[in-house]
Amino acid sequence: MHCARLLPGSATFSDQHDPTPGLTDMTLHSFTHLALRVADLRWAEEFYRDLFALEVAFREAETPEGWGTLPESAGWDDADRSGIELGLVMLHRDGLRLALDAAEQAPAHGQISHVGVFADGDELDRLRTAAPAAGCRIVTDRPRALVFDDPLGVRWELNTFAYDDPPSLSTGARTGRWLDITLSNP
């Protein structure tokens, strides 16, 4: 891989392209989280909790009705006993938000699942047009969220809400869809 260097007085990319009118009126606030694909979700949770002294914000599983959140009082053993296969864990501490996405195996194309960004509504609206025009593929488009894959293979998840309180962002907290951990027969 070669790294290009600009010579003094040479044009940069931004010199060659006019800025988008009104762009300064829109805001990309911050990265909200980093999501990693992991082959062993339970092990990865324990590893990153210990390594960075993180807390569990929530654990979720995908169901036919959409994502559901494991109740805060339940743990991995409860999910296992109930036949629930967890697919997502959100860990946090201070300003760090780390999402762990279950993957069948460590993917050859990388561990990063997606990059989360906190943006304002105007920026989301602008990207709804700009991303496809730049060759990106829209994956999800909702009023407060836009997810797209860029031509370089990076998935971007932009939301109009901050990740200030990670436990409140779980599907259960937002929609009331909590996973049922009752046992049919112990």
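The values are calculated or read from the model by the stated rules, or taken from the named source; none is laboratory data. Keep in mind it's a predicted model, so treat the numbers as computed, not measured. Glycine also receives a Cβ, built like all others from the backbone with ideal geometry; neighbour counts cover every protein chain displayed.
Data overview
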item	result
Exclusive hit being touching a helix residue (DSSP H, G or I) at 6+ places or on another chain (Cβ under 8 Å), under 30 Å from D50 (Cβ atoms) and of a type in the set (A, V, I, L, M, F, W, C), set F161, F118	F161
Output for segment 44-73, where each listed residue is assigned to a loop (DSSP other than H, G, I, E, B) and not charged (D, E, K, R)	A53, L54, P64, L70, P71, S73
Scan of segment 137-155 for residues that are in contact with a Phe, Trp or Tyr (Cβ under 7 Å, 6 or more places away or on another chain) and surrounded by fewer than 18 Cβ atoms within 10 Å (Cβ to Cβ), ordered by number	R137, I138, V139, R144, D150
Selection count, segment 73-92, where residues are touching a residue at least 12 places away in the same chain (Cβ under 8 Å) and over 16 Å from A44 (Cα atoms)	6
Search result, residues across segment 84-122 that are surrounded by fewer than 16 Cβ atoms within 10 Å (Cβ to Cβ), modelled with pLDDT of 90 or more and in a strand (DSSP E or B)	none
Criterion (surrounded by 11 or more Cβ atoms within 10 Å (Cβ to Cβ), touching a residue at least 40 places away in the same chain (Cβ under 8 Å) and over 27 Å from P64 (Cα atoms)) met by exactly one of A134, A130, A173	A130
